[in-house]
1. Do we find that Gly50 is outside any strand (DSSP E or B), in contact with a helix residue (DSSP H, G or I) (Cβ under 7 Å, 6 or more places away or on another chain) and in the same structural domain as Met13 (by TED's automatic domain parsing) in this structure?
2. Across the range 121-144, which residue is surrounded by the fewest Cβ atoms within 10 Å (Cβ to Cβ) among those that are under 12 Å from Ala81 (Cβ atoms) and not aliphatic (A, V, I, L, M)?
3. Which residue is surrounded by the fewest Cβ atoms within 10 Å (Cβ to Cβ), if the candidates are limited to the range 57-85 and must be in contact (Cβ under 8 Å) with a residue 60 or more places away in the chain, over 14 Å from the mean Cα position of the chain (by Cα) and outside any strand (DSSP E or B)?
4. Can Val40 be described as surrounded by 13 or more Cβ atoms within 10 Å (Cβ to Cβ) and either among the hydroxyl-bearing types (Ser, Thr, Tyr) or in contact (Cβ under 8 Å) with a residue 24 or more places away in the chain (or both)?
5. Under the condition of being modelled with pLDDT of 85 or more and either of a type outside the set (D, E, K, R) or not assigned by TED's automatic domain parsing to the domain that holds Val75 (or both), which residue from the range 107-120 is farthest from Glu148 (Cα to Cα)?
6. Restricted to the range 155-168, and to residues that are more than 16 Å from the chain's Cα centre (by Cα) and modelled with pLDDT of 95 or more, which residue is nearest to Asp78 (Cα to Cα)?
7. Looking only at the range 38-47, filter to residues that are not in a strand (DSSP E or B) and not charged (D, E, K, R); which one of those is farthest from Trp102 (Cα to Cα)?
8. Go through Thr19, Thr8, Thr2 for me and flag whichever is touching a Gly at 6+ places or on another chain (Cβ under 8 Å) and hydroxyl-bearing (Ser, Thr, Tyr).
Amino acid sequence: MTLNLYETLKYFMEAPSVTGFEQQRRERIIEVFSKYCDTVTVDVMGNVIGVLGDGKRDVMLAGHYDQLGFMITHVDKDGFAGFTQVGGWDKRVAYGTRIKVWIGDGPEDYIVGAVAVKAAHLTDAKERDSSPELKDMLIDLGLNSDEEAKKLGIKSGTVCTPYLDVTRLGTRDSDKIVGP
C-alpha cells in the first residue's frame, strides 16, 4: 500500500486541531496509522503512537498536530464575536483572516467568519496609522444578533480555526507543503 504524502497531510490538516481540542485530527491520524502500523495507541497526553514490526529496531517519527486558533469570549448584541488567541498569533496576520467557527464535531460543522476591526470611517487618524491589537479585533460572523449566534451554538468557549487551504509550494514535484 502506497502512502501519498500530500493527500495524507491534506486529509490531516483539514480537520480542526486547536491546542486542547485536537480530537478530530487525532481520529484521522489513528485512521491512517491503522492502515500501515501493527498497533496504534494513544497515550494520556493524546500522543498517537504507531508501531510497525517486531521492535528489534526503533525509528521514531515525531511531530505535533495541534494548531493555532481562537476561542470566542463573547458575542455582542450585533452578532460580532470577541475572541482570545490560542497559541502565539501574530496580530499583523490575524486581521482579515477568514475563520471557521466550529459549531459541531463533524468536518463540515462550521460557519465562516472573518477577523475584523472597526471600519476606517469610524476611526481617527491615530487608529488608522497603527496596527490594531488583537483585543481590538472581532470576528464578523455574518449574523445580526447574539440571539442568532446562540441558535447556532456559538458562545463563549467556541473554538475557531483559520480557514486555510492546504497548498503545495513551488512545482508539482516540490516537497514543500503548507497548511493550517
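1. Values: outside any strand (DSSP E or B): no; in contact with a helix residue (DSSP H, G or I) (Cβ under 7 Å, 6 or more places away or on another chain): yes; in the same structural domain as Met13 (by TED's automatic domain parsing): yes.
In short, no.
2. To start, the set of residues in the range 121-144 that are under 12 Å from Ala81 (Cβ atoms) comprises 137-143.
Narrowing further to those that are not aliphatic (A, V, I, L, M): 140, 142.
Details: Asp140: 17, Gly142: 13.
Selected residue: Gly142.
3. Step by step, filter the range 57-85, then rank; the result is Lys77.
4. No; evaluated as a whole, the condition is false for this residue.
5. Val117
6. The extreme case among them is Lys155.
7. At the first step, the residues of the range 38-47 found to be not in a strand (DSSP E or B) are 38, 43-47.
From what is left, the residues that are not charged (D, E, K, R) are 44-47.
Values: Val44: 25, Met45: 23, Gly46: 21, Asn47: 23 Å.
Result: Val44.
8. Testing whether each residue is touching a Gly at 6+ places or on another chain (Cβ under 8 Å) and hydroxyl-bearing (Ser, Thr, Tyr) leaves just Thr19.
The values are calculated or read from the model by the stated rules, or taken from the named source; none is laboratory data. Everything numeric in this text was worked out from a predicted model, so none of it was measured. In this analysis, Cβ positions are derived from the backbone assuming ideal geometry, glycine residues included, and neighbour counts consider all displayed protein chains.
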